[in-house]
Amino acid sequence: MLLQQLFPTQKLDCGNSFGCSDQHVAFNTCSGKQEEEEEEEEDTHIKLYPKELDLKVKIAGVGRYLPPNIVSSTTIDVLCGKPKGFTEKTTGIKERRWANSVEHVLTVRKEKFAKNVDQFIDTKKVLTEKEIKELKDKEITISWMGAQAALEALKNANLKVEDLDLIVNASGTPQRTIPDTSCFIHKELGLGDSGKPSLSVHSTCLSFMVAFHMCAGLIESGMYEKILIVSTEISTVGLNFEQNPHAGGLIGDGAAAVVLTKSKPEDKSRLTKYMFGTFSDGTDYTSIRSGGSEFHPNHIYTPSNYMYFDMNGKKILEFTISKMIRVMEDYQEGLSTGKFEGFDWAVPHQASHAAFHAMSEIFGWPKDRIVKTLEKFGNTISASIPMALYEAVQDGRIKRGDRVLLIGTGAGLTTGLLSFTY
């Protein structure tokens with residue numbers, strides 16, 4: 001019944017956190033009943049308590065890297081075998097960036113999980129080992145992308161790589177299972193033999209927010225003074241256009257980075273509030289099943305499509321919104337009913353069109369105070385929040401002293417809100 005209350009007159013075609021998959025969710029607005037009646041679930045919500053903080057940290061510099069390959073939603077329509085306009089209509093996304101070209105991505109795939117592939121590549125051509133190696137050598141990696149964003153952030157902070165005390169990778173997509181991706185970013189920054197520490201914080205789409213809070217605490221404690229946080233994603237490699245065409249149009253690649261330093265006494269910059277929650281009943285709603293110890297490549301049961309991103313859009317939409325409304329009220333009373341007091345800007349995870357619909361139309365937040373980059377870049381997983389933050393800082397919307405709210409959800413289901421003064 002919750003979906004009917006939130007979207008009483010719509011067919012929802014939305015994705016990921018706050019979203020549906022390819023399937024439509026329709027409601028009978030005359031009778032006021034959902035087409036498929038569902039039993040009301042018992043209310044088991046345990047109140048979460050936000051932590052009021054005064055962590056004297058400052059975002060000294062921001063950086064971003066956008067891959068050069070712009071992939072239109074019309075191209076995704078062709079790959080998914082959908083009519084022209086399907087992807088933009090169902091996701092609200094006009095274009096997204098891919099780390100590597102469409103032709104390259106389709107050429108190197110062992111399994112051509114896309115329709116109409118022959119419109120982009122010669123599917124009959126057999127590649128030699130030399131050609132395969134040349135293709136591999138041309139590929140952009142997430143560590144290289146992350147390093148480019150990091151270098152811009154350092155430049156904007158008037159710092160050098162050597163000035164850093166800690167490098168934190170806060171990404172959902174690893175470069176390899178082992179070693180840790182932070183080591184690759186460390187190496188790309190030229191720190192190979194420096195001994196400077198690096199580590200990763202992983203909470204899928206909320207990795208940046210979690211890392212921000214953790215690193216602020218480390219700076220406040222005096223352990224470190226200058227920390228680099230990098231969120232970098234090439235998640236398009238995990239898409240199966242036939243298995244989940246909606247996700248094929250939703251996801252994009254990109255990287256962003258911030259440099260955190262200790263605030264000076266005259267600075268207003270602070271991390272002022274934080275709350276994080278996990279609702280693990282949602283673990284199976286959004287996943288890439290293989291790659292770990294459960295569905296490993298040597299297991300007789302592991303099918304090849306377990307390597308690809310999948311989600312149950314209808315389930316995740318209902319589950320996420322039901323939890324998020326309560327989490328928002330736990331964070332600040334009235335936040336889900338239009339009381340936006342105390343914030344100048346909201347920088348949300350760029351999850352889907354439905355998420356932004358909920359924020360402005362259901363929660364009543366002012367549209368002109370919500371930073372949105374979804375139409376241009378899609379959902380870039382962990383990089384989406386810092387990429388949106390970068391854009392708003394660079395174009396002058398977010399200024400020193402502004403009060404900013406970061407908010408989002410991640411697979412699991414995880415929920416997070418963080419308030420800071422820029």
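Quick notes on this one:
- Any hit, segment 211-229, residues being under 24 Å from the mean Cα position of the chain (by Cα), among the small types (Gly, Ala, Ser) and not in a helix (DSSP H, G or I): no
- Remark: pairs (first residue in segment 96-110, closer than 22 Å to Ala256 by Cβ and among the charged types (D, E, K, R); second residue assigned to a helix (DSSP H, G or I) and modelled with pLDDT of 90 or more; Cβ separation under 7 Å; 6+ apart in sequence or on different chains) = Arg96/Phe377; Arg97/Phe377.
- For segment 339-363, residues that are of a type in the set (Gly, Ala, Ser), modelled with pLDDT under 90 and out of contact with any Pro (no Cβ under 9 Å at 6 or more places or on another chain) total 4.
- Meets criteria (in contact (Cβ under 8 Å) with a residue 60 or more places away in the chain, surrounded by 24 or more Cβ atoms within 10 Å (Cβ to Cβ) and not hydrophobic (A, V, I, L, M, F, W, C)) for Tyr390: yes
- Pairs where the first residue, in segment 267-287, is farther than 10 Å from Phe420 by Cα and the second is among the acidic types (Asp, Glu) and buried (at least 18 other Cβ atoms within 10 Å of the Cβ), C-beta under 9 Å, 6+ apart: Met275/Asp330; Gly277/Asp330; Thr286/Asp310; Ser287/Asp310
- Reported count of residues in segment 185-213, each being over 18 Å from Ser143 (Cβ atoms) and in contact (Cβ under 8 Å) with a residue 40 or more places away in the chain, is 8.
- Residue match in segment 91-110 (condition: aliphatic (A, V, I, L, M), within 30 Å of Ala354 (Cβ to Cβ) and not in a helix (DSSP H, G or I)): yes
- Inter-residue pairs, beta-carbon under 8 Å, first in a loop (DSSP other than H, G, I, E, B) and in segment 125-137, second surrounded by 10 or more Cβ atoms within 10 Å (Cβ to Cβ) and among the hydroxyl-bearing types (Ser, Thr, Tyr), 6+ apart: Leu127/Thr107
Let's see how each residue does on (1) among the polar types (S, T, N, Q); (2) in contact with a Cys (Cβ under 8 Å, 6 or more places away or on another chain); (3) part of a helix (DSSP H, G or I):
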| residue | (1), (2), (3) |
| --- | --- |
| Glu333 | no, no, no |
| Pro386 | no, no, yes |
| Gly396 | no, no, no |
| Gly401 | no, no, no |
| Val404 | no, no, no |
| Gly408 | no, yes, no |
| Gly416 | no, no, no |
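- Criterion applied to Ile121, Ile132, Ile70 was being surrounded by 13 or more Cβ atoms within 10 Å (Cβ to Cβ) and more than 30 Å from Ile398 (Cβ to Cβ), and the one residue passing it is Ile121.
- For segment 327-353, the set of residues classified as more than 26 Å from Met311 (Cβ to Cβ), small (Gly, Ala, Ser) and touching a residue at least 40 places away in the same chain (Cβ under 8 Å) consists of Gly342 only.
- Odd one out for Gly172 among (1) surrounded by fewer than 14 Cβ atoms within 10 Å (Cβ to Cβ); (2) part of a loop (DSSP other than H, G, I, E, B): (1)
The values are calculated or read from the model by the stated rules, or taken from the named source; none is laboratory data. As the structure is a computational prediction, the values presented were derived from the model and not from experiment. We place every Cβ from the backbone using ideal geometry, glycine too, and count neighbours over all the protein chains shown.
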